[in-house]
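For reference, the structure discussed in these notes is given below.
The values are calculated or read from the model by the stated rules, or taken from the named source; none is laboratory data. Please read these numbers as outputs of a predicted model, since none were measured by experiment. All Cβ positions, even for glycine, are placed from backbone atoms using ideal geometry, and neighbour counts span all protein chains on display.
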Amino acid sequence: MKILVINCGSSSLKYQLIDSDTEGVLAKGLCERIGIDGSCITYQKAGCDKVKTEIPMPDHTKAVELVIAALTDPATGVIKDLSEIGAVGHRVVHGGEKFASSVIITDEVIKAVEECNDLAPLHNPANIIGINACQQLMPGVPQVAVFDTAFHQTMPPEAFLYAVPYSYYRDYGVRKYGFHGTSHSYVSKRVAEILGKDYNSIKTIVCHLGNGASICAVDCGKSVETSMGLTPLMGLVMGTRSGEIDPGAMEYIAKKENLDLEGVMNVLNKKSGMLGLSELSSDFRDIDQAMEAGNEKAAAAYNVFIHRVVSYVGAYAAVMNGVDAIVFTAGVGENDPSVRANVCKSLGYLGVKIDEEANKSREDEVIISAPDSKVAVLKVATNEELMIARETLALVK
Ligand code: ADP
């Protein structure tokens, strides 16, 4: 079956058409600046170069229409017509406590996702717009929602409750939800497969280090702790997000900078993290380069980032009472050997030993620990789209 995977943002739409028989990507691309001047669609057929076309896209329905037109184009498309698309899998950011697994989308599901809008005001409404656009243009084709939060619904209350008045949890759903669940789930499963271990009997710590970053403790196939919280602002140092910060600092910053709550949140989400600390860039490639050139602020930002990862790995090894495997994934985790090496340098107490040569490998999936390391360390390329396609297939079959 051919499955269209859609990841819809407020002004963008990423898509992949995946053949579930081979799990190969037939074509993929991105619609950008939807509803804004200068919108464009990028289309890439497997084995071919990317083609970028500027074309007006007043709304997401037009974007989906253009995706379908690209996929069915007689000259450059990959399918004859729409009837070849067996199902659509949508990434949905927040499923609250309502969704502990993926679901076939119905009117009730859309209503329940809408009820989570308050928890993810930037993401969920955009995800629903994408769902509506696909329903309109592909009536009768089953649509599936795959939630970023679902994998973490196995966390026990001691991990997900915040120590605030209990009524805030009961009445408003204030708790830790966690994100990147599709990635943590995919990568932790791959680790078990690569190591030839039973997924339901190993303890894995997944370090998803991208522009957004989170860590997850996966104990016998279940997420038991993760570093993002009610929102994706918590935890690690990210590209532009602060991660963990004393809540008391918010009042202090507000007074000093004469900001309201919205202003403080804007700083913590968009002007903090690696960008804020380095006063240079949110991108690790720029940070690495600047460090090599002797930039001290870039080095300080880098060190804070590493220190935070090391702290969380230690905490999660404690939470699981041990760890069998540590895995690095996402943009930084997959591509930056120095980050992996520097994190592992501080994990000697767990018996972690790195194979420096293996750590330099550019392969997608590599065991980077030395043969006598007590904990297996790997890098594994994440593949959220494939995971969404698998979940979609499992539900529509
Ligand atoms: P997200 O999906 O959260 O937007 P990604 O997982 O795609 O983020 O990661 C993007 C980040 O990965 C970039 O901002 C950059 O910091 C980092 N990155 C990508 N390639 C490299 C590289 N070769 N070396 C170091 N960092 C890299």
| said: Please go through segment 87-146 and give me each residue that is farther than 30 Å from R170 by Cβ and of a type in the set (S, T, N, Q), ordered by number. | reply: N132, Q135, Q136, Q143
| Where N303 falls short, out of the listed (1) within 28 Å of A163 (Cβ to Cβ); (2) out of contact with any Ser or Thr (no Cβ under 6 Å at 6 or more places or on another chain); (3) not β-branched (V, I, T) | (1)
| Do we have S311 as over 30 Å from V5 (Cβ atoms), in a helix (DSSP H, G or I), without any contact (Cβ under 8 Å) to a residue 12 or more places away in the chain and hydroxyl-bearing (S, T, Y) here? | yes
| said: Take the conditions touching a residue at least 60 places away in the same chain (Cβ under 8 Å), surrounded by 20 or more Cβ atoms within 10 Å (Cβ to Cβ), away from the ligand (no atom under 13 Å from the Cβ) and among the hydroxyl-bearing types (S, T, Y) and apply them to T382. Does it pass? | reply: no
| message | Going by what's in this entry, would A145 be described as within 27 Å of A217 (Cα to Cα), buried (at least 23 other Cβ atoms within 10 Å of the Cβ) and not aromatic (F, W, Y)? | response | yes
| message | Being in contact (Cβ under 8 Å) with a residue 60 or more places away in the chain and either in a loop (DSSP other than H, G, I, E, B) or in contact with a Gly (Cβ under 9 Å, 6 or more places away or on another chain) (or both): is that true of G294 here? | response | no
| query | Hey, among the residues in segment 4-22 that are touching a residue at least 12 places away in the same chain (Cβ under 8 Å) and over 20 Å from the mean Cα position of the chain (by Cα), which one's farthest from H180 (Cα to Cα)? | reply | D21
| said: If I ask for residues that are touching a His at 6+ places or on another chain (Cβ under 9 Å) and of a type in the set (F, W, Y), which ones from segment 302-335 would you list? | reply: F328
| query | Pick from segment 267-288 the residues that are of a type in the set (D, E, K, R) and free of Cβ contacts under 8 Å to residues at least 24 places away in the same chain: which of them is farthest from the ligand (Cβ to nearest atom)? | reply | E279
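Identify all residues within segment 2-26 that are among the hydrophobic types (A, V, I, L, M, F, W, C) and more than 27 Å from N124 (Cβ to Cβ); write none if there are none.
L26, the sole residue that qualifies.
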| message | Out of everything in segment 351-367 that is among the aliphatic types (A, V, I, L, M) and without any contact (Cβ under 8 Å) to a residue 40 or more places away in the chain, what residue ends up being farthest from V332 (Cα to Cα)? | response | V352
| message | Take the conditions more than 11 Å from the ligand (Cβ to nearest atom), surrounded by 18 or more Cβ atoms within 10 Å (Cβ to Cβ) and not in a loop (DSSP other than H, G, I, E, B) and apply them to I326. Does it pass? | response | yes
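Among the helices (runs of 4 or more DSSP H) confined wholly to segment 105-214, which include 2 or more residues that are among the charged types (D, E, K, R) and either modelled with pLDDT of 95 or more or in contact with a Cys (Cβ under 7 Å, 6 or more places away or on another chain) (or both)?
It comes to 107-115, 166-172, 181-195.
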| Which residues, counting only those in segment 340-379, are among the basic types (K, R) and within 16 Å of the ligand (Cβ to nearest atom)? | R340, K360, R362, K379
| query | Name the residues in segment 218-247 that are within 16 Å of the ligand (Cβ to nearest atom), in contact with a strand residue (DSSP E or B) (Cβ under 6 Å, 6 or more places away or on another chain) and among the β-branched types (V, I, T), would you? | reply | T226
| field | Test for K80: is it assigned to a loop (DSSP other than H, G, I, E, B) and exposed (fewer than 14 other Cβ atoms within 10 Å of the Cβ) | value | yes
